[in-house]
Amino acid sequence: MSARDNEFGQPIGEPVPDWTPRAMPADVVLQGRFCRVETLDPERHAADLHDAYRQAPDDRDWTYMHTNAFPDAAAFRRYADRIAHHADPKHYVVVDNHLGKPVGDFALMRINPNHGVIEVGHVAFSPLLKRTPASTEAQFLLMQYVFDTLRYRRYEWKCDSLNAASRQTAARLGFRFEGIFRQAIVYKDRSRDTAWFSIIDQEWPAVKAAFLAWLSDDNFNDQGRQLRKLTELRINKPQAALPL
């Protein structure tokens, strides 16, 4: 960030003229080519979501989540009923356009409208969603909603510093690594160092252009496989996540 001097010769940040607090995330449907993102509705989504999560061969996907795997559909439904009423975190599901069913969920959280800062978290993508074009598109749709519709200034991603998959995903999606907050929280009876990543509004145009190029028809062959990686399409490539 560039600096300027005040009347005392001290460096200060750039002005933000006509700044106003941003709106809170709302109930929306964000339609994409491969999927849509919509507000969590336990009545319509909970049973299918639980079924999607149970496609995993074991419970390793829940190691770095604040919750554990749910023993049955009833337990997950109780959880969904509770979180669906939260304004922060605000939970959304990812509905696969081909299957017509929810295959994952995530949330906008730690929302600070006064400063235009928001975080994406609680990312729980089932095996039906992972490593598919829909998983990338879902992240893009939510990111686009935050920057283009709500006009936030800063979009954050945080994870356990030992969660290599999450850190790699953040870097791939265009987030810049900012550092490690040591002993930031205690969860599941263990200590967590938290890795911080972000995208700011000045970076969003380049990040958005890469997403649009990656999602275009001509970036996929007849078998639906990508021709160019998302990171190759980004002009201003983000700093890679540091090794664990």
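Report the FRET efficiency, 1/(1 + (r/R0)^6), for Asn6 and Asp217, where r is their Cβ-Cβ distance and R0 is 51 Å, rounded to 0.05.
Details: r = 52 Å, r/R0 = 1.01.
Approximately 0.50, to the nearest 0.05.
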If you average the sequence gap of Cα pairs under 8 Å that are 6 or more apart and divide by the length of segment 40-104, what percent do you get for the contact order? 46
Would you mind working out the magnitude of the charge dipole of segment 10-143 relative to its Cα centre, with +1 at each Lys and Arg C-beta and -1 at each Asp and Glu C-beta, to the nearest 20 Debye? 140
Segment 1-122: relative contact order as a whole-number percent, Cα under 8 Å and 6+ apart: 26
Let me know the charge dipole size of the chain about its Cα centre in debye, to the nearest 20, where only the beta-carbon of Lys, Arg (+1) and Asp, Glu (-1) is charged. 460
Taking only protein heavy atoms and a 1.4 Å probe, what accessible area per residue, in Å², does segment 56-106 have with all protein chains in place? 54
Only residues of segment 19-36 count here: report those whose backbone N is under 17 Å from the spot 7 Å along Cα→Cβ of Arg151, or say none. 19-26
Within segment 118-234, percent of DSSP bridges classed antiparallel, to nearest 5: 85
With each label point set 7 Å from Cα along the Cα-Cβ vector, what nm distance links Asp189 and Ala84? 3.3
Quick check: the angle from helix 133-144's long axis to the longest principal axis of the chain, C-alpha only, nearest 10 degrees? 40
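According to the square roots a ≥ b ≥ c of the eigenvalues of the Cα gyration tensor, what is the shape class of segment 120-244, taking rounded for a/c under 1.5, prolate for a/b larger than b/c otherwise, and oblate for the remainder?
Working: a/c = 1.89, a/b = 1.49, b/c = 1.26.
Cα axes put segment 120-244 in the prolate bin.
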Using only the Cα atoms of segment 16-58, build the gyration tensor, take square roots of its eigenvalues as a ≥ b ≥ c, and label the shape rounded, prolate or oblate: rounded if a/c is under 1.5, else prolate if a/b is larger than b/c, else oblate. prolate
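What do you get for chymotrypsin sites (Phe, Trp or Tyr not before Pro) in segment 1-45 restricted to DSSP loop and a cutoff of at most 14 other Cβ within 10 Å of the site's Cβ?
Details: sites: Phe8, Trp19, Phe34; in loops: Phe8, Trp19, Phe34.
Answer in residue order: Phe8, Trp19.
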What base-10 log of the normalised intensity I(q)/I(0) is obtained for segment 39-80 from the Debye formula, alpha carbons as equal point scatterers, at q = 0.14, 0.26 Å⁻¹? -0.30, -0.97
With charges set only on the Cβ (+1 for Lys and Arg, -1 for Asp and Glu), what does the dipole of segment 137-222 come to about its Cα centre, in debye to the nearest 20? 560
Please list, or write none, the lysines whose alpha carbon is within less than 19 Å of the alpha carbon of Lys101, excluding same-chain residues fewer than 8 places away. Lys130
Treating cross-link reach as a plain straight distance, find the lysines whose alpha-carbon is under 18 Å from the alpha-carbon of Lys208, omitting any fewer than eight places away in the same chain. Lys229, Lys237
Indicate, rounded to the nearest 5 percent, the antiparallel portion of the DSSP beta bridges found entirely in the chain. 90
Could you run the Karplus curve 6.51 cos²θ - 1.76 cosθ + 1.60 with θ = phi - 60° over segment 212-223 and give me ³J(HN,Hα) per residue in whole Hz, x for Gly and Pro? 5, 5, 5, 7, 5, 4, 6, 9, 10, 7, 5, 8
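Report Rg/Rh for the chain, rounded to two decimals, where Rg is the Cα radius of gyration and Rh the Kirkwood radius.
On the way: Rg = 18.8 Å, Rh = 19.2 Å.
Here the Rg-to-Rh quotient is 0.98.
Tell me the Kirkwood radius of segment 68-138: reciprocal of the mean inverse pair distance over distinct alpha-carbon atoms, in Å. The partial results should precede the final answer.
Details: mean 1/r = 0.0745 Å⁻¹.
Kirkwood radius, segment 68-138: 13.4 Å.
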Considering the zone a paramagnetic label at Ala165 would reach in this model (a point 7 Å from Cα along the Cα-to-Cβ line), which residues of segment 43-63 have amide N under 13 Å from it? 53-63
Just from its helices, what would the mean residue ellipticity at 222 nm be for the chain, if runs of 4 or more DSSP H residues each count -39500 (n - 2.57) and the sum is divided by every residue, rounded to the nearest 500 deg cm²/dmol? -7500 deg cm²/dmol
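Report the relative contact order of the chain, percent, no decimals, based on alpha-carbon pairs under 8 angstrom and at least 6 residues apart. Spell out each step's value before the answer.
On the way: 411 pairs, mean separation 38.7, N = 244.
So the answer I get is 16 percent.
The values are calculated or read from the model by the stated rules, or taken from the named source; none is laboratory data. Remember, it's a predicted structure, so these values are computed and weren't measured experimentally. Positions of Cβ are backbone-derived with ideal geometry, glycine not excepted, and every protein chain shown enters the neighbour counts. When the accessible area is computed, the model is the full protein with side chains, heavy atoms only, and any ligands, DNA or RNA have been set aside. Shrake-Rupley method; radii C 1.70, N 1.55, O 1.52, S 1.80 Å.
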